[in-house]
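Everything below concerns the one structure shown next.
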Amino acid sequence: MSEQNRLMRGFATVGVWTLLSRVLGFIRDVLIAGFLGSGPVAEAFLIAFSLPNMFRRFFAEGAFNMAFVPMFSKKVESGEGPLEFARDAFTGLATILIVFTAIAQVFMPALVLLMASGFAADDRLDLATLFGRIAFPYILFISLAALLSGVLNSTGRFVAAAAAPVLLNVLFILAVTLAYYARWDIGLTLAWAVPIAGIAQLALVWSAAARAGYRLVPTIPRLTPELKRLAIIAAPAALAGGVVQINLLVGRNVASWTEGAIAWVNYADRLYQLPLGVVAIAIGVVLLPELSRRLQANDDKGGQDALSRAAEVALILTIPCAIALVVIPLPMISVLFERGQFTSQDAAATALAVAVYGLGLPAFVLQKIFQPIYFAREDTKSPFKFALVSMLVNAGIAVGLWFYLDYIAAALATSLAGWTMAWLLWRYSRKFGPAAELDARFRTRLPRIIAASLMMGAVLYVLQLVLGPLLSTDGWRYAALALLLVTGGASYGLFGRLTGAFKPSELTAALRR
């Protein structure tokens, strides 16, 4: 199998499993919205669940893994003790997280207020603290699972790591369903489902890594020269991850001062994360080890081709999704979420946040594409500097415009900060030479992709007006939404072919591989 075919096969594998995970996550949130709406229990659980996930991105997918994967990939390529290095890293990360989890249990009320200061005035604080203490150990299991996923991805094994998130959403759906029929407290049941899901995810990837020859069992922690180097490389990335989390904290805090807004922003986040997860995460997971291998072999041409094809496929899939989120957010939210405790007012508020997030969707994907260039070169300082600028943009807009835009200021700040970060990553990637340059084919096709997406947006706008009565009728709204989305997708395929934005045969071949 050629290197390009292997890369595209990796994209497809991760993308399909991520799609399944995101769809199940969407179903999970639809159930939570139906049973809990945007009330205090829903908001308390969403904040409690956000806490381990926030620090997880700081420790795992962010700082630690972005530094670990290039170093581990090079050891795999050279054969210089990859198993020993992975075992030492696994032990060190586990030790740090056990201590951190114990400290978090003590200071949980403060962590909740740090993320949602608006809870201080009501009962949501006590509820979120209880849920948070139950859910927080998830960070230990999921961070170790992320390291094991990095081991698997670096050796070209993508299935188990990509499938692990599916377990989380399956267990959440089972928990909500069981709680409803057994008449258990739904919020409390969901909180306990979080660490249980973490254990299940860790078990899955640990078994896969063991079968691949990397049976990682913690030993006595030791600070080896390789771990010292890992810490030096990871430190700027950790700071950059901290800056990103500050952006999230600012947004959550702004939303927490409006009753129900935490839930609205969370459900909006779920909808735009669906295409973001499928495309950006799939490409980011596969691209980092691929670039690391190519740069280790001094293959600049191969690196440029990998980067350009990843960017091209990502934007072919992402830009039309962004246009759809901006043009038809209300039909999607209303049909998918509006039931039970989730009212039409909730749907309208959530749809507005979806449209604003949609403006930033391509930027979030571009970040996932350009960041691996820096990490593959073991440059974690530059992304940290860019993240600082992004943080200032986010805080200035979210806080400065809250009086005028309410909770929407948080969504707008997220999108504009995303574009700032994406532009900085692209602008300064040129210092890495030809491997970091997008090729002529990409530059030719980008304006055509944008044109085809805008034409599709016009079709969606007109069609939603025509289907308006059906979209609000219980017996027809699912069929009407399906018709709206299918027609939009078909029109994009037609316009894409007419403008030369892409060739369907290329996408089909890539997915088949």
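The values are calculated or read from the model by the stated rules, or taken from the named source; none is laboratory data. This one's a predicted model, so the numbers in the text were calculated from it and none came from an experiment. So basically every Cβ, Gly included, is an ideal-geometry build from the backbone, and we count neighbours across all protein chains shown.
Considering segment 115-139, and only residues there that are over 10 Å from residue 47 (Cβ atoms) and free of Cβ contacts under 8 Å to residues at least 40 places away in the same chain, the residue that is surrounded by the fewest Cβ atoms within 10 Å (Cβ to Cβ) turns out to be 121. You will find that of 84, 77, the residue that is free of Cβ contacts under 8 Å to residues at least 12 places away in the same chain and within 26 Å of residue 233 (Cβ to Cβ) is 84 and no other.
Which one is modelled with the highest pLDDT, of the residues in segment 486-513 that are touching a Lys or Arg at 6+ places or on another chain (Cβ under 6 Å) and not in a helix (DSSP H, G or I)?
Here is the first cut: in segment 486-513, the ones touching a Lys or Arg at 6+ places or on another chain (Cβ under 6 Å) are 499-501, 513.
Now restrict to residues that are not in a helix (DSSP H, G or I): 500-501, 513.
Working: 500: 89, 501: 86, 513: 43.
Top of the filtered list is 500.
Where helices (runs of 4 or more DSSP H) fall entirely within segment 27-106, those with at least 3 residues that are at pLDDT 85 or above are at 40-56, 82-106.
The residues on offer are 223, 230, and the sole one that is modelled with pLDDT under 80, under 22 Å from residue 140 (Cα atoms), buried (at least 20 other Cβ atoms within 10 Å of the Cβ) and more than 23 Å from the chain's Cα centre (by Cα) is 230. Here residue 326 meets each of (1) free of Cβ contacts under 8 Å to residues at least 60 places away in the same chain; (2) surrounded by fewer than 21 Cβ atoms within 10 Å (Cβ to Cβ) with one exception, condition (1). Here residue 240 does not qualify as modelled with pLDDT under 90, among the aliphatic types (A, V, I, L, M) and within 23 Å of residue 75 (Cβ to Cβ).
Only a single criterion out of (1) more than 24 Å from the chain's Cα centre (by Cα); (2) at pLDDT 90 or above; (3) surrounded by fewer than 17 Cβ atoms within 10 Å (Cβ to Cβ); (4) closer than 24 Å to residue 368 by Cβ is not satisfied by residue 431, namely (2).
Looking only at segment 140-166, how many residues end up being under 18 Å from residue 28 (Cα atoms) and buried (at least 22 other Cβ atoms within 10 Å of the Cβ)? The number of residues fulfilling the criteria is 2. Filtered by the rule that a residue be in a helix (DSSP H, G or I), of a type in the set (A, V, I, L, M, F, W, C) and in contact with a Leu (Cβ under 9 Å, 6 or more places away or on another chain), segment 107-133 gives 108, 111, 112, 113, 114, 115, 119, 120, 125, 128, 130, 131.
Taking segment 190-222 as the search range and keeping residues that are among the polar types (S, T, N, Q) and assigned to a helix (DSSP H, G or I), which one is nearest to residue 43 (Cα to Cα)? Step through it out loud before you land on a result.
Residues of segment 190-222 among the polar types (S, T, N, Q): 201, 207, 219.
Imposing the further condition that a residue be assigned to a helix (DSSP H, G or I) reduces the set to 201, 207.
On the way: 201: 25, 207: 35 Å.
My answer is 201.
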